[in-house]
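Asks: I have a structure I would like to understand better, so I am pasting it below and will then ask my questions one at a time.
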Amino acid sequence: MTALRLTVDGAERHLDVDTRTTLLDALRERLEVTSPKKGCDHGQCGSCTVLLDGRRSLSCLTLAVAQDGAEVVTAAGLGSPDALHPVQQAFLDHDGYQCGYCTPGQVCSAVGMLAEAAQGHPSHATDDLEADPELTDAEVRERMSGNLCRCGAYAGILAAVQQAAGAARAEERA
Amino acid sequence: MRELAYVRATSPDEAVAAVAGDPQARFLGGGTNLVDHLKLGIATPGTLVDVSRLALAEVEGTADGLRVGAGVRNSDLAAHPVVRRDFPVLARSLLAGASGQIRNQATTAGNLLQRTRCVYFQDASTPCNKREPGSGCSAVGGHDRYNAVLGASEACVTVHPSDLAVGLAVLDAEVVVLGPDGERRLPYDELHRLPGHHPEHDTTLAHGELVTAVELRRSPVARRSTYEKVRERASYAFALVSVAAGLELADDGTVSDVRVAWGGVAHKPWRARVVEDALRGEPLEEERVRDVVAEELRDATTTTGTAGKPAMLAGVTARALTRLAAPGPQVEEAGR
Ligand SMILES: Cc1cc2nc3c(=O)[nH]c(=O)nc-3n(C[C@H](O)[C@H](O)[C@H](O)COP(=O)(O)OP(=O)(O)OC[C@H]3O[C@@H](n4cnc5c(N)ncnc54)[C@H](O)[C@@H]3O)c2cc1C
Ligand code: FES
Ligand code: FES
């Protein structure tokens with residue numbers, strides 16, 4: 001067992017883990033932080049996405065011991081029921097889910113993706129690699145392609161992410 | 001999963017000593033491949049030596065190009081302004097791979113050293129010479145859609161899965177490696193190998209050799225380069241085939257230099273040298289590209305699942321090169 005310190009949704013947490021424990025299992029099974037979901041456990045679905053030191057990451061493909069000292073933000077830590085994060089609100093506004101299983105991962109992924117786009121990161125859908133990317137629907141689809149939705153709520157997810165992107169742009173201008 | 005010790009290395013030398021001295025030890029980068037293999041029971045190291053936090057995560061300018069640290073995350077490398085301007089094939093090949101999340105975690109070295117996605121390699125209950133030398137190859141006569149068409153052996157018919165590996169193959173790259181006896185450099189082309197009788201070795205690296213950097217030289221073909229990938233869905237899928245290409249045109253419009261490499265074709269990125277040699281000095285014409293691709297594929301072996309690969313390669317190679325040749329904003333700028 002290895003002693004570990006993590007900041008999870010703003011709270012400092014200490015735990016002893018077996019070295020083979022993934023960050024996802026440490027969060028869900030040891031710390032009872034259940035908003036990141038286990039869809040595939042092999043990096044293929046995105047439902048375990050969290051913000052790890054600020055960047056969207058798959059918690060099923062990293063060992064908890066490798067993240068000693070890290071700051072983890074899950075969808076539950078982004079906002080509260082009375083003060084939703086703009087991305088959470090956008091998913092509600094646009095019905096960006098059906099069963100909701102993929103949603104915490106979608107929300108974290110969208111938050112991370114919008115930050116990447118704001119920093120000018122290109123994507124596979126970007127025509128001009130040297131220009132600042134514009135979040136067209138094709139760009140959003142490509143950038144969110146690491147999050148599968150078994151219910152097929154993609155139309156709502158796209159609309160939600162576009163609303164949040166618009167809000168983020170408006171804030172930037174203000 | 002067997003019991004596992006975890007060590008966070010504090011220097012490259014310490015990491016090399018820890019792995020070189022222990023046959024059961026392995027380096028850990030972003031973990032996106034190796035952690036999966038632990039779960040699948042197809043990698044059973046006794047110790048993981050984490051090299052992802054070493055000071056190897058910088059992209060630095062050199063006199064004639066760039067030095068990319070082994071620990072640079074795939075997303076950061078693809079977003080680097082010099083990579084986007086001078087080595088577009090590098091950015092494009094990275095961005096064609098995996099997902100935004102995985103690219104935030106994956107490292108340069110880990111990406112190049114990721115192992116095959118062959119379904120039999122990943123299934124510990126089936127024979128696989130790469131996983132267990134001498135056990136046989138289940139992919140011969142099995143699920144064959146992703147199999148090699150060039151350079152395969154009786155022992156192994158799989159391909160290298162990395163997109164970045166194919167993109168780098170058209171650049172003048174060198175791999176910097178640290179071993180117990182110090183540093184050595186190898187031309188990028190010598191990093192990966194064909195399977196022959198030893199498919200258990202993907203590369204020419206010895207156990208305990210740490211990749212510390214990849215170095216790139218600027219050139220006109222690097223500047224005018226691109227990457228195209230054919231896959232079964234629009235995103236987040238491995239390549240059926242892929243093409244990395246770089247082009248330099250003379251003032252009279254003929255090809256003065258050209259580079260082509262293919263993914264999804266062989267156990268290593270396949271430099272299409274027959275294509276390159278044939279196109280140099282000629283005007284670039286689509287039909288001619290298709291013909292010389294067929295020449296490069298003269299010794300190709302296809303099965304039912306891979307029967308479409310030659311046509312895909314012809315089409316995508318022709319498209320990549322003709323797009324690079326078409327005058328556009330980047331091209332004019334590159335010519336200035
Ligand atoms: C669902 C899914 C889809 C994917 N799709 C694609 C795709 O389309 N295209 C693509 O190219 N890739 C794809 N990938 C693979 C992904 O790119 C790799 O998993 C990733 O690049 C590996 O990097 P890492 O740093 O996480 O490596 P790790 O998993 O940490 O390591 C991989 C290997 O490299 C060794 N290693 C790591 N660092 C060093 C070093 N410095 N020196 C020597 N050895 C080292 C490790 O020992 C291990 O053997 C996909 C992965 C998943 C899970
Ligand atoms: S559970 Fe992590 S990607 Fe599916
Ligand atoms: S809402 Fe059910 S999986 Fe996405």
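Since every read-out is calculated from the coordinates, none of them should be taken as a lab result. A quick note: this is a predicted structure, and the numbers were derived from the prediction, not measured. Here Cβ is always computed from backbone atoms with ideal geometry, including for glycine, and neighbour counts include all displayed protein chains.
Asks: Quote the charge dipole size of the protein assembly as shown about the Cα centre in Debye, to the nearest 20; the model charges only the Cβ of Lys and Arg (+1) and of Asp and Glu (-1). Please report the intermediate quantities before stating the final value.
Replies: On the way: 52 positive and 69 negative charges, 186 e Å.
So the magnitude is around 900 debye.
Asks: Taking the Cα centre of segment A:1-61 as origin and charging only Cβ (+1 Lys, Arg; -1 Asp, Glu), how large is the dipole, in debye to the nearest 20?
Replies: Here segment A:1-61 has a charge dipole of around 180 debye.
Asks: Find how many whole Å separate the alpha carbon centroid of segment B:185-256 from the alpha carbon centroid of segment B:39-98.
Replies: 14
Asks: Per-residue HN-Hα couplings for segment A:56-63, Karplus 6.51 cos²θ - 1.76 cosθ + 1.60 at θ = phi - 60°, whole Hz, x for Gly and Pro?
Replies: Rounded to whole hertz, the list is 5, 8, 8, 6, 7, 10, 10, 7.
Asks: Per-residue ellipticity at 222 nm for chain A, helices alone: DSSP H runs ≥ 4 residues times -39500 (n - 2.57), over residue total, nearest 500 deg cm²/dmol? Don't jump to the answer; show the numbers that get you there.
Replies: Working: 5 runs with 55 residues, N = 174.
Estimated from H runs of four or more residues: -9500 deg cm²/dmol.
Asks: What dipole magnitude, in Debye to the nearest 20, does segment B:220-325 give about its Cα centre under +1 on Lys/Arg Cβ and -1 on Asp/Glu Cβ? Don't jump to the answer; show the numbers that get you there.
Replies: Details: 16 positive and 16 negative charges, 131 e Å.
Charge dipole of segment B:220-325: 620 debye, to the nearest 20.
Asks: How well do other chains shield peptide A:140-149, expressed as the mean number of their Cβ atoms within 10 Å of each residue Cβ?
Replies: Numbers: counts 0, 2, 6, 4, 4, 8, 9, 4, 2, 0.
Partner Cβ neighbours, averaged per residue: 4.
Asks: May I ask for the net charge around B:THR47, where only other residues with Cβ less than 15 Å from the Cβ of B:THR47 are counted and Lys, Arg are +1 while Asp, Glu are -1?
Replies: Values: positive: A:ARG20, B:ARG2, B:ARG8, B:ARG26; negative: A:ASP18, B:GLU3, B:GLU14, B:ASP22, B:ASP50.
Here the charged neighbours net out to -1.
Asks: Is the C-alpha gyration tensor of segment A:21-174 telling us rounded, prolate or oblate? Criteria: a/c under 1.5 is rounded; beyond that, a/b larger than b/c is prolate, otherwise oblate. It would help to have the intermediate numbers written out before the result.
Replies: Values: a/c = 1.59, a/b = 1.41, b/c = 1.13.
Verdict is prolate for segment A:21-174.
Asks: Using a Gaussian network model of chain B whose springs link C-alpha atoms within less than 10 Å, name the residue from B:ASP299, B:ASP50, B:ASP144 with the highest mean-square fluctuation.
Replies: B:ASP299
Asks: For chain A, with a Gaussian network of springs between Cα atoms less than 10 Å apart, report the residue from A:ASP25, A:ASP93, A:ASP82 with the top mean-square fluctuation.
Replies: A:ASP82
Asks: Also, quick follow-up: Along each of the three principal axes of the Cα atoms of segment B:156-252, give the extent in whole Å, ordering the values from largest to smallest.
Replies: For segment B:156-252, the Cα extents along the three principal axes come out at 49, 35, 25 Å.
Asks: So what's the back-of-envelope 222 nm ellipticity for chain B, counting only DSSP H runs of four-plus at -39500 (n - 2.57) apiece and dividing by all residues, rounded to 500?
Replies: Working: 13 runs with 99 residues, N = 336.
One gets -7500 deg cm²/dmol as the mean residue ellipticity at 222 nm.
Asks: So what's the gap between the Cα centers of segment A:15-78 and segment B:120-168, to the nearest angstrom?
Replies: What the calculation gives is 31 Å, centre to centre.
Asks: For a quick protection proxy, order the peptides A:112-119, B:166-173 by their average other-Cβ count within 10 Å, most packed first. Mind showing how you got there, number by number?
Replies: Details: A:112-119: 19.4, B:166-173: 26.4.
Highest-to-lowest ranking by the protection proxy: B:166-173, A:112-119.
Asks: Considering only DSSP beta bridges with both partners in the protein assembly as shown, what is the antiparallel share in %, to the nearest 5? Each step should come with its number before you reach the end.
Replies: Details: 56 of 66 bridges.
Once the DSSP bridges in the protein assembly as shown are tallied, antiparallel ones form about 85 percent.
Asks: Can I ask one more? How well do other chains shield peptide A:114-127, expressed as the mean number of their Cβ atoms within 10 Å of each residue Cβ?
Replies: Numbers: counts 0, 0, 5, 0, 0, 2, 3, 9, 9, 8, 12, 3, 4, 0.
The per-residue average across the peptide is 4.
Asks: If you don't mind, another one. Considering only A:LEU4, A:THR49, A:ALA26, whose Cα is most displaced toward the positive end of the charge dipole of segment A:2-77, charges sitting on Cβ of Lys, Arg (+1) and Asp, Glu (-1)?
Replies: The Cα lying farthest towards the positive end belongs to A:THR49.
Asks: In the protein assembly as shown, what is the count of Lys pairs whose alpha carbons are under 27 Å apart, counting only pairs at least 8 residues apart or on separate chains?
Replies: Lysine pairs, 8 or more places apart or on different chains, close enough: 10.
Asks: Next question, about the same structure. For peptide B:28-40, how many partner chain Cβ atoms fall within 10 Å of a residue's Cβ, on average? Kindly include the intermediate steps, with their values, before the conclusion.
Replies: Working: counts 4, 1, 5, 9, 6, 2, 2, 11, 6, 0, 4, 6, 1.
Whole-number average of other-chain Cβ neighbours for B:28-40 is 4.
Asks: Which semi-axis lengths, in whole Å and largest first, follow from the square roots of five times the eigenvalues of the Cα gyration tensor of chain B? Working shown, then result.
Replies: Numbers: eigenvalues 213, 128, 50 Å².
Semi-axes, largest first: 33, 25, 16 Å.
Asks: OK, next. Using the Cα atoms of segment B:220-325, I'd like the radius of gyration and the largest Cα-Cα distance, Dmax, both in angstrom.
Replies: Just the Cα atoms of segment B:220-325 yield Rg and Dmax of 13.5, 44 Å.
Asks: Here is a further query. Of B:GLY21, B:ILE42, B:GLY31, which is farthest towards the positive pole of segment B:5-50's charge dipole, taken about the Cα centre with +1 and -1 on the beta-carbons of Lys, Arg and Asp, Glu respectively?
Replies: Positive-end residue among those listed: B:ILE42.
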